[in-house]
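Since the structure comes first, as structure tokens, the remarks are kept for the end.
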Protein chains: 2
Amino acid sequence: MSDPSSSSSSSAESIAIAARRAFEASQLLPITERDRALTAIRSRLESAKSDVLVANKKDMDAARNGELSKSLVSRLDLSRPGKYESMLQGISDVAALPVPTGIVTFAKELGPGLELQRVTCPVGVLLVIFEARPEVVVNIAALAIKSGNAAILKGGKESLHTATLLSHLISEALATTSVPPAFVQSVATRSEISSLLAQDRYIDLVMPRGGNELVRSIQNSTRIPVMGHADGICAVYIDESAQEETAVRVVVESKIDYMAACNAAETLLIHQSLLSTIWPKVASALIEQSVTLKCDPASLAALSPSDLIVPSSEQDYYTEFLGPTLAVKVVASVSEAIKHINSHSSHHTDSIVTESEESMSAWCRGLDSANCYINASTRFADGTRYGLGTEVGISTGKTHARGPVGLDGLVIYKYMMRSKKQGGSVIADYEKGGGKYTHQDLPTQAPMF
Amino acid sequence: MSDPSSSSSSSAESIAIAARRAFEASQLLPITERDRALTAIRSRLESAKSDVLVANKKDMDAARNGELSKSLVSRLDLSRPGKYESMLQGISDVAALPVPTGIVTFAKELGPGLELQRVTCPVGVLLVIFEARPEVVVNIAALAIKSGNAAILKGGKESLHTATLLSHLISEALATTSVPPAFVQSVATRSEISSLLAQDRYIDLVMPRGGNELVRSIQNSTRIPVMGHADGICAVYIDESAQEETAVRVVVESKIDYMAACNAAETLLIHQSLLSTIWPKVASALIEQSVTLKCDPASLAALSPSDLIVPSSEQDYYTEFLGPTLAVKVVASVSEAIKHINSHSSHHTDSIVTESEESMSAWCRGLDSANCYINASTRFADGTRYGLGTEVGISTGKTHARGPVGLDGLVIYKYMMRSKKQGGSVIADYEKGGGKYTHQDLPTQAPMF
């Protein structure tokens, strides 16, 4: 664990170099050592529960005396019933997942005695930047160790005492295994994020875990690839052929189930043919749940006046309300709905309510979103609900990983090639008058090493 | 095609928006239209060969009068025998490849009547920045169309006339198909690269095709993911148990076959036990090919003096010579070799010469390089040699794609989910006292749409 009081860029560099060296050294360990490390961490944290709760109380007290919102204070709290145990159970759950590395995804014989394999391997060094929730330290340490990635964890000052102790306990547990202690490092509050973000020579992937502002500022200030989403501006579209029951169920849950979530709906698009049929039913159901409807002129005119029905502005269709407000707009066709979403949404999760196969096909193909749903709540967009076993994050990026990301979002691959021919293999054996490449597919079973 | 004389950032934005709209519109086309577009492009270019060669002659003349190196001038030249035909054949070769989109890579039933699929799809809009070779326009257009990505091509001023005409002919050919003409756009010399690199809202991936300086400057100035490699600092390591014949063949070809290539060797590491046995043989073979050896004290002392044998500096081990120079260093073990390469190389391609299974295993697991070879020339690192059918580029990045990249480096995926249940599906059906998720694997055959 690094010195919480250090803040210079040379400190950031030495942390990053230590992580890189720990990553490199760990690649030679048997993969079973990773599960041993997870077991060691779980028992160390189990036995130190009371110490952690003392540290956590310091953070909680500071937070209550400070200007933190009530919801932020509650996120800090590890003493809520079942919270600590569920954090520990999370380690065992990650340990029980299939190992995502060492999987052969492509294998060819280039010529007799010359075999090529593409094998999954860890990305390398992860930098995880998070805000209040101190259990992220434990969660990310588990995911990193299971996937073979070293991790640098940078928490917010709100969780300083808890995160520092958790990280210290993790290093202590690692010291009893052959995983290098610097494999998981925690950087406390004073080190500048910007000097860590400059370590692109040593850090391979940045994962921000927090609000929009944090994510956007990180995306703007590093050459390191960033995996995450800044906004969750999700939409539901009620198509001409929608069934009323489906429309009401999908729209209401998408909006109100958990309004602060990135997969909650912020926009409702309605086919113009439904203004006097399904739309008033959906609107009543939303108003019953105290949702304010910010309506375009057509959708507004179709409703009886209410305090919760107000005119919308263009900006509302780009807004992540994260609360009981929904922007509503009438469209003439599925293709107009798709165009609206492609140019206003955050490409996260959008759902159509329809009985038309043609509309479904246009939706799934035409929509440039990570999750394209038919007759289903946007709230399904989640790694655990998808059966991925865990969720590393949700990505709205268009490279590497997209949508809910499981452990396989923390791996990349390398090519391994071995010649068993006398004298080795050179391209002259196959080109410029040499033999020909055979390019035979080989079975993709165990990696050669 | 955009106006070659425009240079403002609003022009870059409008080009990027046009590409995005063309991409979005193209997603609803049947995939067969992509092959029709490739056929149309090939025949349009076939019939316009003499016009293209006239334009090419203008660029060649300007280059000869300018300060371009001879090798740059030769890269411009489309009139060399077979060159034009091989460019055309490239289009047909790409058309013949399997379509990389619409492949289901994961499919689960979340509950009865609720199916989830992960389906490969194009990344979106590509920005390809290239230097002299004008045939890149045709090559990238073919790859983009086959994979369903829109492309913006930004060439250097050296290839202005040729690239502009090729791009114009491609747009003419697209106009005879249902692929939108703005699907492939060419931006001529005056538009600023920097204003295109700022269009991260519309452009999804930047692919630089050129020298180090180009690639590095692009990596430093955009938030858009960049796929490519800046350097190719590749090494060969001769291990204790190496066979002499293999060592000589692998080292000599890796160094001299094509010295300007990114997969040529720049560093040679030698186990200390080989100083009086294999090393002098390898050195003679290299000197015979006029390679200058920049040696550390131990490797220098083991050789008889020669004009081609000089002392090395530390900087030499970080240098991509791209010519007849090789940095040489003696190491005490495979693990020292791995450490040297992990901290000096560009993580591109490195080869060990060994008969030891233990060394092979340490090499393939411990080396943080895209291509880890055993007893094989570094020159094998190439998409066509790997049997990928084509090569989009070689990536030394650690996310999305690594090593030689085929067409599947131009795709990502989206999740499609469909509820067939009466009333649609909401998470309350499965959580908080509802039913349970079944998470049954489904066959990964055709995509639902």
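Considering only residues of the range B:247-269 that are within 14 Å of chain A (Cβ to nearest Cβ) and of a type in the set (Gly, Ala, Ser), which is nearest to residue B:296 (Cα to Cα)?
Top of the filtered list is B:265.
In this structure, is residue A:393 within 7 Å of another protein chain (Cβ to nearest Cβ) and at pLDDT below 95?
On the way: within 7 Å of another protein chain (Cβ to nearest Cβ): no; at pLDDT below 95: yes.
Considered against the rule, which asks whether it is within 7 Å of another protein chain (Cβ to nearest Cβ) and at pLDDT below 95, residue A:393 comes out as no.
Let's see how each residue does on (1) over 22 Å from residue A:222 (Cα atoms); (2) within 14 Å of chain A (Cβ to nearest Cβ):
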{"residue": "B:146", "(1), (2)": "yes, no"}
{"residue": "B:154", "(1), (2)": "yes, no"}
{"residue": "B:177", "(1), (2)": "yes, no"}
{"residue": "B:180", "(1), (2)": "yes, yes"}
{"residue": "B:196", "(1), (2)": "no, no"}
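Taking the stated definitions as given, is residue A:302 aliphatic (A, V, I, L, M), under 21 Å from the mean Cα position of the chain (by Cα) and either open to solvent by less than 40 Å² (accessible area, probe 1.4 Å) or at the interface with chain B (Cβ under 10 Å from one of its Cβ atoms) (or both)?
Numbers: aliphatic (A, V, I, L, M): yes; under 21 Å from the mean Cα position of the chain (by Cα): no; either open to solvent by less than 40 Å² (accessible area, probe 1.4 Å) or at the interface with chain B (Cβ under 10 Å from one of its Cβ atoms) (or both): yes.
So residue A:302 fails the test.
Tally the residues that are more than 7 Å from every other protein chain (Cβ to nearest Cβ) and in contact with a strand residue (DSSP E or B) (Cβ under 6 Å, 6 or more places away or on another chain), restricting the search to the range A:370-385.
Total satisfying the criteria: 4.
Yes/no matrix, rows are residues, columns are (1) without any contact (Cβ under 8 Å) to a residue 12 or more places away in the chain; (2) of a type outside the set (Asp, Glu); (3) more than 9 Å from every other protein chain (Cβ to nearest Cβ):
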| residue | (1), (2), (3) |
| --- | --- |
| B:108 | no, yes, no |
| B:115 | no, no, yes |
| B:121 | no, yes, no |
| B:129 | no, yes, yes |
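Given (1) surrounded by fewer than 22 Cβ atoms within 10 Å (Cβ to Cβ); (2) touching a Pro at 6+ places or on another chain (Cβ under 6 Å); (3) closer than 21 Å to residue B:227 by Cβ, where does residue A:201 come up short, assuming only one miss?
The failed condition is (2).
Do we find that residue B:53 is among the hydrophobic types (A, V, I, L, M, F, W, C) and in contact with a helix residue (DSSP H, G or I) (Cβ under 7 Å, 6 or more places away or on another chain) in this structure? Reasoning before the result, please.
On the way: among the hydrophobic types (A, V, I, L, M, F, W, C): yes; in contact with a helix residue (DSSP H, G or I) (Cβ under 7 Å, 6 or more places away or on another chain): no.
In short, no.
Is it true that some residue in the range B:287-296 is within 14 Å of chain A (Cβ to nearest Cβ) and touching a residue at least 24 places away in the same chain (Cβ under 8 Å)? Full working, then the answer.
So the first thing to find is which residues in the range B:287-296 are within 14 Å of chain A (Cβ to nearest Cβ), and the list is B:289.
If we keep only those that are touching a residue at least 24 places away in the same chain (Cβ under 8 Å) as well, we get B:289.
Looking for residues that are within 14 Å of chain A (Cβ to nearest Cβ) and touching a residue at least 24 places away in the same chain (Cβ under 8 Å), one finds at least one in the range B:287-296, hence yes.
So which residues in the range A:421-435 are free of Cβ contacts under 8 Å to residues at least 40 places away in the same chain and more than 9 Å from chain B (Cβ to nearest Cβ), if there are any at all?
Taking the range A:421-435 first, the residues free of Cβ contacts under 8 Å to residues at least 40 places away in the same chain are A:422-424, A:426-428, A:431-434.
Within the range A:421-435, A:432, A:433, A:434 meet the criteria.
Among the numbered conditions (1) within 7 Å of another protein chain (Cβ to nearest Cβ); (2) closer than 30 Å to residue B:246 by Cα, tell me where residue B:418 comes up short.
Just one mismatch for residue B:418, condition (2).
Quick one: in the range B:266-282, of everything that is of a type in the set (Val, Ile, Thr) and under 12 Å from residue B:353 (Cβ atoms), which residue is farthest from the chain's Cα centre (by Cα)? Steps first, answer last, please.
Of the residues in the range B:266-282, the ones of a type in the set (Val, Ile, Thr) are B:267, B:270, B:277-278, B:282.
Then drop every residue that is not under 12 Å from residue B:353 (Cβ atoms), which leaves B:270, B:278, B:282.
Values: B:270: 30, B:278: 35, B:282: 31 Å.
Of everything passing the filter in the range B:266-282, B:278 is farthest from the chain's Cα centre (by Cα).
Only one of (1) of a type in the set (Ser, Thr, Tyr); (2) under 28 Å from residue A:409 (Cβ atoms); (3) open to solvent by 10 Å² or more (accessible area, probe 1.4 Å) fails for residue B:419. Which number is that?
(3)
Considering each of B:188, B:182, B:132 in turn, give the residue that is in contact with a helix residue (DSSP H, G or I) (Cβ under 7 Å, 6 or more places away or on another chain), at pLDDT below 95 and over 30 Å from residue B:64 (Cβ atoms).
On the way: B:188 fails: over 30 Å from residue B:64 (Cβ atoms); B:132 fails: over 30 Å from residue B:64 (Cβ atoms).
One residue alone meets the criteria, B:182.
More than 9 Å from every other protein chain (Cβ to nearest Cβ) and either open to solvent by 50 Å² or more (accessible area, probe 1.4 Å) or in a helix (DSSP H, G or I) (or both): does that describe residue A:215? Give the derivation first.
On the way: more than 9 Å from every other protein chain (Cβ to nearest Cβ): yes; either open to solvent by 50 Å² or more (accessible area, probe 1.4 Å) or in a helix (DSSP H, G or I) (or both): yes.
Considered against the rule, which asks whether it is more than 9 Å from every other protein chain (Cβ to nearest Cβ) and either open to solvent by 50 Å² or more (accessible area, probe 1.4 Å) or in a helix (DSSP H, G or I) (or both), residue A:215 comes out as yes.
Residue by residue, here is whether (1) small (Gly, Ala, Ser); (2) surrounded by 21 or more Cβ atoms within 10 Å (Cβ to Cβ); (3) part of a strand (DSSP E or B) holds:
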| position | (1), (2), (3) |
| --- | --- |
| B:284 | yes, no, no |
| B:293 | no, yes, yes |
| B:298 | yes, no, no |
| B:306 | yes, no, no |
| B:323 | yes, no, no |
| B:335 | yes, no, no |
| B:351 | yes, yes, yes |
| B:359 | yes, yes, no |
| B:373 | no, yes, yes |
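For residue A:38, which of the numbered conditions (1) closer than 30 Å to residue A:415 by Cβ; (2) in contact with an Asp or Glu (Cβ under 6 Å, 6 or more places away or on another chain); (3) part of a helix (DSSP H, G or I) fails to hold?
(2)
Quick one: how many residues across the range A:438-449 are more than 7 Å from chain B (Cβ to nearest Cβ) and more than 16 Å from residue B:360 (Cα to Cα)?
Residues flagged as more than 7 Å from chain B (Cβ to nearest Cβ) and more than 16 Å from residue B:360 (Cα to Cα) within the range A:438-449 amount to 7.
Would you pick out the residues in the range B:228-246 that are at the interface with another protein chain (Cβ under 8 Å from one of its Cβ atoms) and either under 19 Å from the mean Cα position of the chain (by Cα) or in contact (Cβ under 8 Å) with a residue 12 or more places away in the chain (or both)? Reasoning before the result, please.
Here is the first cut: in the range B:228-246, the ones at the interface with another protein chain (Cβ under 8 Å from one of its Cβ atoms) are B:243, B:245-246.
Across the range B:228-246, the qualifying residues are B:243, B:246.
Is it the case, given these coordinates, that residue B:433 is open to solvent by less than 10 Å² (accessible area, probe 1.4 Å) and not assigned by TED's automatic domain parsing to the domain that holds residue B:253?
Values: open to solvent by less than 10 Å² (accessible area, probe 1.4 Å): no; not assigned by TED's automatic domain parsing to the domain that holds residue B:253: yes.
Spelling it out, it is not the case that residue B:433 is open to solvent by less than 10 Å² (accessible area, probe 1.4 Å) and not assigned by TED's automatic domain parsing to the domain that holds residue B:253.
How many residues are surrounded by 23 or more Cβ atoms within 10 Å (Cβ to Cβ) and over 30 Å from residue A:207 (Cβ atoms) if we restrict to the range A:250-273?
Within the range A:250-273, residues that are surrounded by 23 or more Cβ atoms within 10 Å (Cβ to Cβ) and over 30 Å from residue A:207 (Cβ atoms) number 6.
How about the range B:376-395: which of its residues are open to solvent by 10 Å² or more (accessible area, probe 1.4 Å), assigned to a loop (DSSP other than H, G, I, E, B) and in contact (Cβ under 8 Å) with a residue 60 or more places away in the chain? So that I can check it myself, show each step before the final result.
To start, the set of residues in the range B:376-395 that are open to solvent by 10 Å² or more (accessible area, probe 1.4 Å) comprises B:379, B:382, B:384-385, B:387-391, B:393-394.
Now restrict to residues that are assigned to a loop (DSSP other than H, G, I, E, B): B:382, B:384-385, B:387-391.
If the condition is that a residue be open to solvent by 10 Å² or more (accessible area, probe 1.4 Å), assigned to a loop (DSSP other than H, G, I, E, B) and in contact (Cβ under 8 Å) with a residue 60 or more places away in the chain, then B:382, B:389, B:390 are the ones that fit.
Keeping to the range A:50-64, report how many residues are touching a residue at least 24 places away in the same chain (Cβ under 8 Å) and open to solvent by 70 Å² or more (accessible area, probe 1.4 Å).
Residues in the range A:50-64 being touching a residue at least 24 places away in the same chain (Cβ under 8 Å) and open to solvent by 70 Å² or more (accessible area, probe 1.4 Å): 2 in total.
With the requirement that a residue be open to solvent by 40 Å² or more (accessible area, probe 1.4 Å) and farther than 30 Å from residue B:198 by Cα, what does the range B:222-247 give you?
Answer for the range B:222-247, where residues must be open to solvent by 40 Å² or more (accessible area, probe 1.4 Å) and farther than 30 Å from residue B:198 by Cα: B:240, B:241, B:243, B:244, B:245.
Look through A:66, A:155, A:113 and report the one residue that is at pLDDT below 95 and over 24 Å from residue A:409 (Cα atoms).
Details: A:155 fails: over 24 Å from residue A:409 (Cα atoms); A:113 fails: at pLDDT below 95.
The unique qualifying residue is A:66.
Return the residues of the range B:396-414 that are under 21 Å from residue A:110 (Cβ atoms), in a loop (DSSP other than H, G, I, E, B) and more than 7 Å from every other protein chain (Cβ to nearest Cβ); say none if nothing qualifies. It would help to see each step written out before you state the result.
In the first step, residues of the range B:396-414 are kept if they are under 21 Å from residue A:110 (Cβ atoms); the result is B:401-409.
With in a loop (DSSP other than H, G, I, E, B) added as a condition, the list becomes B:401-402, B:406.
Within the range B:396-414, B:401, B:406 meet the criteria.
Give me the helices (runs of 4 or more DSSP H) completely within the range A:65-179, filtered to those with at least 2 residues that are open to solvent by less than 10 Å² (accessible area, probe 1.4 Å) and over 30 Å from residue A:439 (Cβ atoms), ordered by residue number. Spell out the reasoning first.
On the way: elements: A:70-76, A:83-95, A:136-147, A:160-175.
Answer list for the range A:65-179: A:83-95, A:136-147, A:160-175.
The values are calculated or read from the model by the stated rules, or taken from the named source; none is laboratory data. The shown structure was predicted, so the numbers you read here are calculated from the model rather than taken from an experiment. We place every Cβ from the backbone using ideal geometry, glycine too, and count neighbours over all the protein chains shown. The area values use the complete protein model at the heavy-atom level, side chains included, leaving out ligands, DNA and RNA. Shrake-Rupley method; radii C 1.70, N 1.55, O 1.52, S 1.80 Å.
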